[in-house]
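Asker: Please read through the structure below; I'll follow up with questions.
The values are calculated or read from the model by the stated rules, or taken from the named source; none is laboratory data. If you're wondering where the values come from, they're calculated on a predicted model, not measured in any experiment. Ideal geometry is used to build each Cβ from the backbone, glycine not excepted, and the neighbour counts take in all protein chains shown.
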Amino acid sequence: MSALPESDDETRVRTTFLPFSPPLIGREEKAEILDTLDSGWITKGPKTERFERDFAAYVGAGHAVGLHSCTAALHLALAALGIGEGDEVITSTFTFASTAHAVQYVGATPVLVDCDPVTCNILPDQIAANITSRTRAIIPVHYGGQACPMEEIHDLATRHGLHVVEDAAHAVGTEYRGRKIGALSDVTCFSFYATKNLTTGEGGMCTSDDADLVERIRVLSMYGISDARRIWQRYAPKGSWWYDVVELGYKYNMMDLQAALGIHQLARLEAAIARRAHFASLYGEGLADVPEMTIPEVVPGGRHAWHLYPILVEYEGLTIDRNAFIEELRRENIGTSVLYIPLHLHTHYRERLDLRPEDFPNAQRIYERIVNLPISPSMQDADVMDVIAAVRRIATRHRR
Ligand SMILES: *Cc1c(COP(=O)(O)O)cnc(C)c1O
């Protein structure tokens with residue numbers, strides 16, 4: 001095994017660093033930000049309302065409410081559904097901390113289950129095996145932008161009288177059997193964090209066909225003030241100074257500076273997804289014949305939004321493990337990520353829920369192998385070709 005010297009640029013696939021997931025921000029976003037700054041109103045207001053309308057129309061949901069993050073969206077979705085102390089909510093161990101944190105924010109207990117060995121999505125039979133008399137909801141996470149088996153999940157939910165709250169942080173533009181993710185369940189929660197397919201820096205959205213539920217989330221997002229929709233208008237010429245706090249709410253609203261980005265990010269989303277799909281197919285063609293690399297499988301009947309491009313490093317065929325593989329990619333000037341370190345391996349969840357790795361064999365196997373390669377509409381074909389060349393070179397160098 002011959003590690004490359006740090007200083008030897010000649011031998012690297014790239015001379016400049018390729019970041020894992022940079023945003024693509026256009027002229028329209030910049031102009032809208034300036035317009036917002038000049039408008040005299042920079043927090044929640046007319047642009048947030050426009051983004052909410054545009055977003056609801058895009059996903060085909062009746063209603064949407066803009067929030068500060070997907071974490072806030074998940075919290076308020078569960079709170080608005082009345083989930084709390086003594087309740088259990090089933091979700092996958094193969095997700096980000098937010099999904100299960102939100103369950104604890106309302107005083108309920110997250111029940112973590114193993115994921116599919118191929119798609120990394122939650123397994124319906126694992127959900128079924130973990131339903132108890134205390135179970136109130138299921139939170140499916142559409143890993144990487146590929147839809148969970150929603151029909152099976154909804155069947156279980158109907159049979160057992162459970163709510164379904166989707167964590168669609170990766171799934172803006174994902175389709176399931178011809179319909180966009182966003183109006184299939186009680187509530188769907190989206191993220192517009194800096195690395196996500198549609199970004200407002202920080203941001204989130206709840207969508208639903210249930211007007212009352214969305215209104216309740218809106219009230220909870222603005223301190224619990226009764227007429228949350230009009231609150232920003234109290235500073236307008238005809239606004240009223242009066243307000244009433246009707247319950248203990250939070251400060252989770254989106255601001256117009258975020259919506260200014262979101263409106264134009266949404267307008268370029270279809271083109272961005274097409275570009276991601278193009279890069280995914282380049283990766284697929286370029287890596288399919290490398291025996292030590294397992295490339296992602298696409299489930300037929302949906303549309304993958306390609307938020308992530310995960311490969312599995314089958315290290316049994318190599319003289320290095322996954323961590324060393326990532327280190328070698330870094331030396332080739334390629335940024336990667338490991339999404340996710342399953343929740344059952346984190347101190348908080350391991351200790352609070354008394355979890356053992358043996359109970360999550362699929363997530364464990366994936367975690368030891370997974371590397372998320374760079375994918376972003378801001379990349380060029382040549383960037384993807386560099387990553388492919390680097391992966392092939394490292395596999396060849398360390399083949400058993
Ligand atoms: C990013 C992410 C979140 C959290 O989103 P924020 O907007 O940062 O709160 C939640 N769940 C998943 C699966 C994510 O990837």
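Asker: Go through (1) in a helix (DSSP H, G or I); (2) surrounded by 18 or more Cβ atoms within 10 Å (Cβ to Cβ) one by one and return the number of the condition residue 270 breaks.
Answerer: (2)
Asker: Name the single residue that is surrounded by the most Cβ atoms within 10 Å (Cβ to Cβ) among those in the range 298-322 being in a strand (DSSP E or B) and within 16 Å of the ligand (Cβ to nearest atom).
Answerer: 309
Asker: Let me ask you something else. Pick out the one residue from 173, 182, 144, 201 that is in a helix (DSSP H, G or I) and in contact (Cβ under 8 Å) with a residue 24 or more places away in the chain.
Answerer: Step by step, each of 173, 182, 144, 201 is checked, and only 144 is in a helix (DSSP H, G or I) and in contact (Cβ under 8 Å) with a residue 24 or more places away in the chain.
Asker: If I go through the range 271-324 residue by residue, how many of them are more than 25 Å from the chain's Cα centre (by Cα) and of a type in the set (Phe, Trp, Tyr)?
Answerer: Within the range 271-324, residues that are more than 25 Å from the chain's Cα centre (by Cα) and of a type in the set (Phe, Trp, Tyr) number 1.
Asker: Still on this structure: Kindly evaluate residue 20 against the criterion of being buried (at least 23 other Cβ atoms within 10 Å of the Cβ) and within 21 Å of the chain's Cα centre (by Cα).
Answerer: Criteria not met by residue 20.
Asker: Right, next: Name the one entry in 97, 79 that is in the same structural domain as residue 149 (by TED's automatic domain parsing), within 16 Å of the ligand (Cβ to nearest atom) and either among the β-branched types (Val, Ile, Thr) or closer than 20 Å to residue 341 by Cβ (or both).
Answerer: The conditions single out 97.
Asker: Then there is this: Are any residues in the range 186-229 within 16 Å of the ligand (Cβ to nearest atom), surrounded by fewer than 22 Cβ atoms within 10 Å (Cβ to Cβ) and not β-branched (Val, Ile, Thr), and if so, which ones?
Answerer: Within the range 186-229, 193, 194, 201, 202 qualify.
Asker: Does residue 349 count as under 19 Å from the mean Cα position of the chain (by Cα) and at pLDDT 95 or above?
Answerer: For residue 349, the condition - under 19 Å from the mean Cα position of the chain (by Cα) and at pLDDT 95 or above - is not met.
Asker: Based on this model, can you work out whether residue 159 counts as surrounded by 19 or more Cβ atoms within 10 Å (Cβ to Cβ), under 15 Å from residue 90 (Cβ atoms) and away from the ligand (no atom under 16 Å from the Cβ)?
Answerer: No, not satisfied.
Asker: Another question, if that's okay. Hey, does the range 99-111 have a residue that's under 28 Å from residue 358 (Cβ atoms) and touching a Phe, Trp or Tyr at 6+ places or on another chain (Cβ under 9 Å)?
Answerer: Looking for residues that are under 28 Å from residue 358 (Cβ atoms) and touching a Phe, Trp or Tyr at 6+ places or on another chain (Cβ under 9 Å), one finds at least one in the range 99-111, hence yes.
Asker: Given the criteria among the charged types (D, E, K, R), more than 16 Å from the ligand (Cβ to nearest atom) and under 30 Å from residue 210 (Cα atoms), does residue 85 qualify?
Answerer: Yes: the conditions hold for residue 85.
For (1) within 16 Å of the ligand (Cβ to nearest atom); (2) more than 26 Å from residue 304 (Cβ to Cβ); (3) in contact with a Phe, Trp or Tyr (Cβ under 6 Å, 6 or more places away or on another chain); (4) assigned by TED's automatic domain parsing to the domain that holds residue 218, each residue gets a yes or a no:
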{"position": "39", "(1), (2), (3), (4)": "no, yes, no, yes"}
{"position": "49", "(1), (2), (3), (4)": "no, yes, no, yes"}
{"position": "53", "(1), (2), (3), (4)": "no, yes, no, yes"}
{"position": "59", "(1), (2), (3), (4)": "no, no, no, yes"}
{"position": "67", "(1), (2), (3), (4)": "yes, no, yes, yes"}
{"position": "92", "(1), (2), (3), (4)": "yes, no, no, yes"}
{"position": "121", "(1), (2), (3), (4)": "yes, no, yes, yes"}
{"position": "126", "(1), (2), (3), (4)": "no, no, no, yes"}
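Asker: Filter the range 210-252 down to the residues that are assigned to a loop (DSSP other than H, G, I, E, B) and closer than 15 Å to residue 76 by Cα and list them by number.
Answerer: The first filter runs over the range 210-252 and keeps only residues assigned to a loop (DSSP other than H, G, I, E, B), leaving 210, 223-224, 226-227, 236-244, 246-250, 252.
Within the range 210-252, 210, 223, 224, 247, 248, 249, 250, 252 qualify.
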